[in-house]
Amino acid sequence: MAIFANFQGLPPSETVYSSEFNISYPFYFQPWFVLLVFLFLIGIGVVFNMIFRQYKNQLLLKRTIDRTTSQIKSREDQFRNVWNSSQDGLMLSVIGGKVIAANPALCKLGNVSEEQLKEMGLTHLFSDSQYYSKVRDKIAGDLKVIGTEGFTIELRMPFRTGERDIELFITRMKEEIEGLPLYLTVFRDITKDKTYEQGLKFAKEKAEELSKLKSNILSNMSHEVRTPLTGILGSSENIMEARKQDMELVGQMEIIRESGERLLKTINNIMDLSLIEADKINIVLENTNVNDFISKILINHKSLGIKKGILVTSKFLTKPFIASVERKYLEMIINNIVGNSVKYSEKGIIQVLVQREEDELFFQVKDDGIGISDTYLNRLFHPFEQESEGLDRKFEGSGIGLAITKHLVEILCGQIKIESEKGKGTTVTITLPLKR
């Protein structure tokens, strides 16, 4: 580099030449310094990021711990509520009879405190100090193999409050106490249930005795009542036949015969009902011309209706057909239903409708009789019940005809439906399955 001086027109000074040199930038403009600062700033960012993430994780961990603690506390409260409010006695114990905890129900059952049980052991729960050792020996084998599913046993336990029937449930917990397995034992007092069962057993035995007595009475009734009654009816008919000219005597004998037949019918109904309830009836299916069979049954009812001034009509909506039916019980059903319509009607028409609907027999009886009140409809099929009661009732009968009918319909796998309105008549509909 050349340097010289010049001042206000004076000749310039001698030129001085310096050696070569380089101009250096400040260190903070140096690339290495810029790189170092850049790395430093990155490091600070990384550190701040780590600190922020740690703070965030700690905050999240704190929230998780608080939530878990709250859930644990809630579950503990729930467990404590169940433990304290349970009606069953609950106990935590280890082998040897050491009690870890007992709920109020168990303490009340044994008339002891939880502290006494913890201090004195399970034997303090019973009035017999040897009872625990006896029971322990009895269930020792089960305790060795018991799992989390537990096992149940019924025992008669002599608590300090008295002997009780207990359903004992024992299950092994996952936890251990001092290296010993921990067991949860549930004491469920079933004394009342046992007493109730014994009462039912006693009642069943009494019912069986009464049933046997009833069977004996019915058997005697069949022999001691029905047999002489049959003789009375036969003798009455013989006297009426032999003394046709004596109208006064015939009239008296007619009363005897009608009363005897009424009594015989009642006895037969009672016998039939007892056989049905005892499930001692046999079903015999026979190929039958159903229309013809029902027509013959209705002949007698039509005659009785004429005597009362009532018209009994029958209408068959299906051409004559053959089907397998239980003739005896079908006849009883028709006689009971149509007979009731005639008995409880004083005027009008009784319409009998018969129809085959696929594999079912449809049988309907509609009358203009006295009808049935809504109150009595609910008790219609109860045996020995009638809507009119007392000595001044207007219509005769034992009140078991409909009960027998319903039983027979159900035995034959059919259905019966009764619709009625007081003073406006009754409609009875019966459907019975038909066998080809």
Per residue Cα convex hull volume in Å³ - calculated over region 39-177: 156 Å³
Under a crude label model (7 Å from the Cα following the beta-carbon direction), how far is residue 182 from residue 55 in nanometres? 4.1 nm
How much FRET efficiency would the formula 1/(1 + (r/R0)^6) give for residue 256 and residue 377, where r is the Cβ-Cβ distance and R0 is 35 Å, rounded to 0.05? 0.45
Full-stretch length increase - residue 293, residue 42 - with 0.36 nm per residue and alpha-carbon distance subtracted: 79.2 nm
Sites residue 197 and residue 82, calculated FRET efficiency, Cβ-Cβ separation with R0 30 Å, nearest 0.05: 0.60
Pairwise centroid distance, computed over Cα atoms, of region 319-368 with region 283-301, Å: 10 Å
Using only the heavy atoms of the protein chains and a 1.4 Å probe, how would 88, 368 rank by accessible area, largest first? 368, 88
Set 307/366; 296/319; 98/174; 138/201, cut-off 26 Å on Cα-Cα distance; pairs above it are 138/201
Under 5 Å between amide hydrogens, which residues at least 5 positions from residue 182 or on another chain qualify, with H placed 1.01 Å from N in the peptide plane? 173, 177
Largest first, what is the accessible-area ranking of 120, 91, 247, 240 with a 1.4 Å probe? 247, 120, 240, 91
Taking the Cα-to-Cβ direction at residue 360 and at residue 155 and moving 7 Å from each Cα, how far apart do the two end points lie in nm? 5.9 nm
What net charge is computed for the residues neighbouring residue 416, neighbours being all others with C-beta under 9 Å from the C-beta of residue 416, Lys and Arg scored +1, Asp and Glu -1? +1
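The values are calculated or read from the model by the stated rules, or taken from the named source; none is laboratory data. Source: prediction; values computed, not measured. Note that each Cβ is placed from the backbone with ideal geometry, even for glycine, and that neighbours are counted across all protein chains shown. Heads up: the accessible areas ignore ligands, DNA and RNA and are worked out on the full protein's heavy atoms, side chains in. Shrake-Rupley method; radii C 1.70, N 1.55, O 1.52, S 1.80 Å.
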